[in-house]
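All remarks here apply to the structure that follows.
Computed from the coordinates by the stated procedures, all read-outs in this text should not be read as laboratory data. Computed from a predicted structure; not experimentally measured. Ideal geometry is used to build each Cβ from the backbone, glycine not excepted, and the neighbour counts take in all protein chains shown.
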Amino acid sequence: MHILNKIYQQLLSHYGPQHWWPGETQFEVTIGAILAQNVSWTNAAKAIENLKKHNLLQPQKLSGKKAEEIAPLIKSSGYYNQKADAIAAFLRWFERYDYSFELLQKVPTERLREELLALPRIGHETADSILLYTLERRIFVVDAYTKRIFTRIGLLTGKEKYNDVQHMFHAHFAGTTRDYNEFHALIVKHGKDVCAKKPRCGRCCIIRWCVGNALTPIL
């Protein structure tokens, strides 16, 4: 069994299922993925609630708003002007599919990913979050926590590009779409609570695999 699978099982055993991604509808999950860029979920959730309050958390209604009208409603998410531009661009693209997630489900993952990445201000992490959490595609989401944790463990050097890290998981993590969902959520949980910028190694449930831990070897 590859070390990635062992680490996943240990994190899952320690923290339990995380039940990601928050959202009542596919559209809410998608907008949440955009709003969560470079900010805590708490602040993104406040922006989501504000859009709900204004009855705008529906694609046809929100697409009737210009980016400058969306921005004040999502201030709590930070970088709100850029995120408003990203939402507006996504909606223009989504209109080509008649605002239908059923139509999106018929499109191959690789093509969808290319189209999402071609949108302004939609990066790899956001595009893959939409693919994984909204459309349930088997694709691994890489974030700063992923790079930090697995660099400390020794599976990464810290210099890899996004697609290189993602390829490592695709090649060696034998999980289902649900497992991909859980693994990313568990990485975020562990990165926030334990493997932070200043690591709390005494609380780490996967320290046996860490190259910084001289007491046990990497298995």
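When the chain is fully extended, how far beyond the present Cα-Cα distance does K46 get from S13, taking 0.36 nm per residue of separation?
Contour length minus Cα-Cα distance gives 8.8 nm.
Roughly speaking, what is the stretch gain from H167 to C201, that is 0.36 nm per residue apart minus the C-alpha to C-alpha distance, in nm to one decimal?
Numbers: separation 34, 0.36 × 34 = 12.24 nm, distance 2.74 nm.
Computed gain between H167 and C201 is 9.5 nm.
If contacts are Cα pairs under 8 angstrom and at least 6 residues apart, what is the relative contact order of the stretch 26-134 in percent?
Relative contact order of the stretch 26-134: 32 percent.
Taking other Cβ within 10 Å of each residue's Cβ, how do C195, C210, C205 sort, fewest first? Provide the component values of the computation, followed by the final result.
Values: C195 24, C210 19, C205 13.
So the ranking, lowest neighbour count to highest, is C205, C210, C195.
Grab the DSSP H runs of the chain that are 4 residues or longer, score each as -39,500 (n - 2.57), total them, divide by all residues and round the 222 nm result to the nearest 500 deg cm²/dmol.
Working: 12 runs with 117 residues, N = 219.
Per the formula, -15500 deg cm²/dmol.
Relative contact order for the chain: what percent, with Cα pairs under 8 Å and sequence separation of 6 or more?
Values: 241 pairs, mean separation 50.9, N = 219.
Over the chain, the number comes to 23 percent.
What FRET efficiency do you get for T157 and Y97 if R0 is 45 Å and r is their Cβ-Cβ distance, rounded to the nearest 0.05? Walk me through the numbers on the way to the answer.
Working: r = 39 Å, r/R0 = 0.87.
About 0.70, to the nearest 0.05.
Quickly work out the E110-to-N55 label distance, labels modelled 7 Å from Cα along the C-beta direction, and quote it in nm with one decimal.
Result: 4.5 nm between the two label points.
State the number of lysine pairs found in the stretch 38-188 whose Cα atoms come within less than 20 Å, restricting to pairs 8 or more positions apart or on distinct chains.
Count of close lysine pairs: 23.
Show me 63-76, 90-103 ranked by packing, highest mean number of other Cβ atoms within 10 Å first.
Working: 63-76: 16.1, 90-103: 14.5.
Answer by packing, highest mean first, reads 63-76, 90-103.
Where the centroid of each part is defined by its Cα atoms, how far is the stretch 53-77 from the stretch 88-104 in Å?
16 Å
What FRET efficiency would be calculated for the residue pair E136, K192, taking the C-beta separation as r and a Förster radius of 22 Å, to the nearest 0.05?
Values: r = 25 Å, r/R0 = 1.11.
Here the calculated transfer efficiency is 0.35.
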